[in-house]
Amino acid sequence: MKVLTFSTLFPSSVRPGHGIFVETRLRELVKSGEVESRVVAPVPWFPSTKPRWGDYARFAATPAREQRNGLDVLHPRYLLLPKVGMTTAPLTLALGARAALQQVIDEGFDFDVIDAHYYYPDGVAAALLAKWFRKPLAVTARGSDVNLIGRHGLPRRWMRWASKIADASIGVSQALVDRMNELGIVSPRQLVLRNGVDVERFRADADRVALRARLGAEGSPLLVSVGNLVPLKGHDLVIEALAILRGQGLQARLCIIGAGPLRPTLEALADRLGLRSEVRFLGALPQQDLAGWYAAADMLLLASEREGWPNVLLESMACGTPVIATAVGGIPEIVKMPFTGRVVEERSARSLAEAAKALWQSPSSRDAVRGYAQGFGWQATTEGQLTLFGDMARCWRARHA
């Protein structure tokens, strides 16, 4: 079976961590040996690669085509206009990608199914492409596309339209599928295919004392907070929770892993709370380095305002480290209280600090936490995709015979 994956959320040599969860799901699918793959991952057009343009320069530096972990990835350009870009993006994205889809067909890869990720604008653009190329379509919602963009009238109408074109709408959590149903984003097939975790890459370290010494990691407890440095991730609340814990006599320390525009603001907050030496900003780290920090930590804190299915929780648990997270999106489906951690209903520094103190006083068995995470491997999701895509292709051929 030939599957064409379509999404702007896909890594490149220039942005290797961008949309890594989409690439991982596809790699696991290809490992089954039952699927051939091509990827079309458009990037916005920009004329200059000069570093002063930041992300826009990285768009321009993205190669037109590359091989990533055995996957053939095309990066056509599309026009993303200032101010009105998100309104026009579905159309410009589809128009920009059209030639790339025709190219892979001309090269002999006449794909059976379009596998699109992120409902707006990507899923809407994929619906246009599915109509133009007369192919069946599955769209996976990831979180903010439905929970945030879906609040706005025009994108919501576009997504409803696309869901009628799509043969299947997929959510990475039951909470996300429920939200799609509420918004009228409903396809003939509506299902959950959760992200898994690579339990070989993310695993417990046999000697945590030596690991901490190697990393220079200290703290009783040692907390980690992982994610882009943007408001919705709530790193500020974790820093404030650290201040509360230290005020209660704990020698807690915090490592923040991630990059983003809020770093100066977060550093200033740590300084203002007298935590300059207790908070370390490690920047963005590749996945192979993340595992060590998860394993060294006593707990991971995730204070997000909204989420779909945050893989950082499973990655941490696969390393034996329990988690504390806000009760948003699919998080209550991931965290089994109390032995894998805590879910807090109130998104506040005090609630996070109370949960962290309780977990520190009654620690979870790290072996039990890892054992639980091992139940979230990729096999079930891969099998679900194979069944779904195969059925879609057969039904499409029967209807158009």
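Please treat every number below as a calculation from the coordinates, not as lab data. Remember, predicted model here, so these are calculated numbers, not experimental data. A quick note on method: Cβ atoms are made from the backbone with ideal geometry, for glycine too, and the neighbour counts reach across all protein chains shown.
To the nearest 20 debye, what is the magnitude of the charge dipole of segment 193-284 about its Cα centre, counting +1 on the Cβ of each Lys and Arg and -1 on the Cβ of each Asp and Glu? Working shown, then result.
Working: 13 positive and 10 negative charges, 13 e Å.
Using Cβ point charges on Lys, Arg, Asp and Glu, segment 193-284 gives about 60 debye.
In the chain, taking the dipole from charged Cβ atoms about the Cα centre, the farthest positive-side position among Tyr118, Leu301, Ser48 is held by Ser48.
Using Cβ point charges alone (K and R +1, D and E -1), the dipole size of the chain about the Cα centre works out to roughly 820 debye. Averaging the sequence gap over all C-alpha pairs within less than 8 Å and six or more residues apart, then dividing by the number of residues, gives the chain a relative contact order of 14 percent.
For a quick check: with amide H placed at 1.01 Å from N, whose amide H comes under 5 Å from Glu36's, ignoring anything fewer than 5 positions away on the same chain? Hits under the 5 Å cutoff: Lys2, Val3.
If you take the square roots of the eigenvalues of the alpha-carbon gyration tensor of the chain and sort them as a ≥ b ≥ c, do you get rounded (a/c under 1.5), prolate (a/b over b/c) or oblate?
It is prolate, given that a/c is not under 1.5 and a/b is the larger ratio.
Using a cutoff of 8 angstrom between alpha carbon atoms and counting only pairs six or more residues apart, the relative contact order for segment 1-142 works out to 26 percent.
Assuming a ≥ b ≥ c are the square roots of the Cα gyration tensor eigenvalues, decide whether segment 43-96 counts as rounded (a/c under 1.5), prolate (otherwise, with a/b larger than b/c) or oblate. Could you put the intermediate results ahead of the total?
Values: a/c = 2.81, a/b = 1.24, b/c = 2.27.
Taking the square roots of the gyration eigenvalues as a ≥ b ≥ c, segment 43-96 is oblate.
Cα gyration tensor of segment 208-375, axes a ≥ b ≥ c as square roots of the eigenvalues: rounded (a/c below 1.5), prolate (a/b > b/c) or oblate? Rounded is the answer for segment 208-375, as its axis ratio a/c remains below 1.5. Taken one residue at a time, the phi angles of segment 44-59 give Karplus couplings (6.51, -1.76, 1.60, θ = phi - 60°) of x, 6, 8, x, 10, 9, 5, x, 5, 8, x, 4, 5, 5, 5, 4 Hz. Gly and Pro are set to x. Amide H to amide H distances under 5 Å link Ile324 with Leu300, Leu301, Leu302, Arg342, where only residues 5 or more positions off or on other chains count and H is placed in the peptide plane.
Ignoring the sites themselves, the chain has its longest run without trypsin sites (Lys or Arg not before Pro) in a DSSP loop having at most 10 other Cβ atoms within 10 Å at 135-275. Distances between placed amide hydrogens fall under 5 Å for Cys255 paired with Leu223, Val224, Ser225, Arg280, all partners being 5 or more residues away or on another chain. Segment 103-136 and segment 21-48 have Cα centres lying 13 Å from one another. If you bin all the Cα-Cα distances of segment 139-214 at 10 Å, starting from zero, the percentages per bin are 18, 38, 14, 13, 11, 4.
About the centre of its Cα atoms, segment 1-75 shows a dipole size close to 240 debye [charges on the beta carbon of Lys, Arg (+1) and Asp, Glu (-1) only; nearest 20 debye]. In terms of other Cβ atoms within 10 Å, His235, His117, His18, His152 run from fewest to most in the order His152, His18, His117, His235. Measuring between their Cα centroids, segment 240-270 and segment 320-367 lie 18 Å from each other.
Note down the relative contact order for segment 120-266 as a percent, whole number, built from C-alpha pairs under 8 angstrom at least six residues apart.
Values: 180 pairs, mean separation 25.3, N = 147.
Relative contact order here is 17 percent.
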